[in-house]
């Protein structure tokens, strides 16, 4: 068995995975899924209900890609073409964020674990700091992704929403194996993402045991 799966399985496979530190229960919740599946929206709703901080990859990537630096310019090119940012950069941003998480703080993490190598390091780091985690996978069809991104492009004008086919290709090649890795490890909570945002939020609350 892959070592990362062994390590991940050492952590509780319970969908309510949490840690009690100094009498305080802490949670670490990941959102993953296809582009346009509603990760950011549901992360925001969960944060509003619980007060937990959201750590998002996309916002950090977009902020960096707006900078007039060699890295920023390269990131903008890749983003506009619908390509994933390099796994080492995403891993760096995650580990930087992990250092800032307080011992008694629960967090919601959106947009990381997009590649297997990235997910392996993230899982290893969470095992090391003894933070159990759950992975919420919002399942939507390619047709729904295309419809949603067309709507979002008209509202937000994001360049990457113009290259839907490339983004879905990147998802299938890089992120789909991550979904299966977490599924095999018993960490994945699959949520039907093709309903109203309110219905999806209720399912997430139930899956996480939040009242």
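The values are calculated or read from the model by the stated rules, or taken from the named source; none is laboratory data. Just so we're clear, the structure is a prediction, and the values are computed from it rather than from any experiment. Methodologically, a virtual Cβ is constructed for each residue, glycine included, from the backbone with ideal geometry; neighbour enumeration extends over all protein chains shown.
I'd like the full set of residues that are in a helix (DSSP H, G or I), within 28 Å of residue 125 (Cα to Cα) and at pLDDT below 90, limited to region 69-86.
Result: 78, 79.
Determine the pairs where a residue that is at positive phi and surrounded by 18 or more Cβ atoms within 10 Å (Cβ to Cβ), located within region 29-56, has a partner that is part of a loop (DSSP other than H, G, I, E, B) and at pLDDT 95 or above with Cβ atoms under 7 Å apart, the partner being 6 or more residues away or on another chain.
From residues that are at positive phi and surrounded by 18 or more Cβ atoms within 10 Å (Cβ to Cβ), the pairs are 33/140; 33/193; 38/193.
Would you check if there is a residue in region 114-122 being within 14 Å of residue 58 (Cα to Cα) and under 15 Å from the mean Cα position of the chain (by Cα)?
Within region 114-122, one or more residues are within 14 Å of residue 58 (Cα to Cα) and under 15 Å from the mean Cα position of the chain (by Cα).
Look through 149, 168 and report the one residue that is more than 14 Å from the chain's Cα centre (by Cα), assigned to a helix (DSSP H, G or I), at negative phi and surrounded by 21 or more Cβ atoms within 10 Å (Cβ to Cβ).
Result of the check over 149, 168: 149.
Which one of the conditions (1) more than 15 Å from the chain's Cα centre (by Cα); (2) assigned to a helix (DSSP H, G or I); (3) over 22 Å from residue 45 (Cβ atoms) does residue 93 fail to meet, given that it meets all the rest?
Residue 93 satisfies every listed condition except (1).
Any residue in region 149-160 that is over 26 Å from residue 118 (Cβ atoms) and touching a strand residue (DSSP E or B) at 6+ places or on another chain (Cβ under 8 Å)?
no
For residue 180, are the conditions met, namely being in contact with a strand residue (DSSP E or B) (Cβ under 9 Å, 6 or more places away or on another chain) and either touching a residue at least 12 places away in the same chain (Cβ under 8 Å) or not in a helix (DSSP H, G or I) (or both)?
It is false that residue 180 is in contact with a strand residue (DSSP E or B) (Cβ under 9 Å, 6 or more places away or on another chain) and either touching a residue at least 12 places away in the same chain (Cβ under 8 Å) or not in a helix (DSSP H, G or I) (or both).
Give just the number: which of (1) part of a helix (DSSP H, G or I); (2) under 19 Å from the mean Cα position of the chain (by Cα); (3) more than 16 Å from residue 58 (Cα to Cα) does residue 138 not satisfy?
(1)
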